[in-house]
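Colleague: First, the structure itself, so that you have it in front of you.
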Amino acid sequence: EMKKIASDIGIGRSTLYRYFPSKEQLAVYVAVELIERMLFADLVEKVDPALDGYGKTGAFLGLYAARLRERPDLLRFFLEYDSMFSVGDGDIPERRDYEDRLVAEIETIASFLREGQADGSVRADVDPIVFTITFIHSTVGLAQRFLTRTVRESDRYGIDVSMLLDMQMGLILRAIKA
C-alpha cells in the first residue's frame, strides 16, 4: 500500500502521491532505476573503449551474463515486474515508460554491434536490434531456468550454470564474428 511505502521511507502519503500518483508509476520508477543502475549503466562503463565493436559486444554481454549469475534476485524482480505488463491493458502510460527505457538499453547494446560492423569485426548481415533482443531473451530465459527456481536443474543434474551461460554466449558471439 502507498501508505506503508510512505511510512517506510519516512514521508507523508500526500508527498508520495505528489511524485507518484499511482503504485504503477512508483513501480515503473523503481524498475527503471534498477535497469539503469544494476543492468546497464555500470556495465557499459566497464567496457574497454579501446576494443573493436565485436570486443565491446563480447565484453558487455559477458558482464551482463555475470550480473545475472551474481544477482538472481534482480532477475526474479524483473521477471515478476515484466509479467505485470504482459497481460491486461497494453496502452497504459506506465507500460510505455518501462518499454521506452528497455528500448534505450537495447539501442546501447546494438551500438556496439553497429560499431563492429563499421570496423569490420562484426558480420554486415547481422541486424543489431534483432541480435540484441535475441541475446537478452535467450540469456534471461536460460538464467531463469537455472537461477530462479527453488530446486535448480543445475543442482539436480550437476550442471555448472556459469558454463552454460558462457557456452551460450560463445555460440552466439561466434555467429556474428566477421
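Any read-out appearing in this document is the output of simple, stated calculations on the displayed coordinates, not a laboratory observation. Fair warning: this is a prediction, and the values are worked out from it, not measured in the lab. Methodologically, a virtual Cβ is constructed for each residue, glycine included, from the backbone with ideal geometry; neighbour enumeration extends over all protein chains shown.
Colleague: Which length gain, in nm to one decimal place, applies between ALA118 and ALA50 when the Cα-Cα distance is subtracted from 0.36 nm times their residue separation?
Modeller: Stretched out fully, the ALA118 to ALA50 stretch lengthens by 23.0 nm.
Colleague: Same structure, new question: Under a Cβ-Cβ cut-off of 11 Å, what is the net charge of the residues other than GLY120 that fall near it, where Lys and Arg count +1 and Asp and Glu count -1?
Modeller: Details: positive: ARG123, LYS177; negative: ASP52, GLU115, ASP119.
Residues close to GLY120 contribute a combined charge of -1.
Colleague: Roughly speaking, what is the stretch gain from ASP127 to ARG174, that is 0.36 nm per residue apart minus the C-alpha to C-alpha distance, in nm to one decimal?
Modeller: That pair, ASP127 and ARG174, stretches by 15.4 nm at full extension.
Colleague: Here's a follow-up. Which lysines have a Cα lying under 27 Å from the Cα of LYS177, excluding residues fewer than 8 positions away in the same chain?
Modeller: Filter leaves LYS46, LYS56.
Colleague: Can you list the lysines whose alpha carbon is less than 21 Å from that of LYS23, not counting same-chain residues fewer than 8 positions off?
Modeller: The reachable lysines, counting only those whose Cα sits under 21 Å from LYS23, are LYS3, LYS4.
Colleague: Less than 10 Å Cβ to Cβ from ILE5, Lys/Arg counted +1 and Asp/Glu -1: what total charge do the surrounding residues give?
Modeller: Neighbourhood net charge equals +2.
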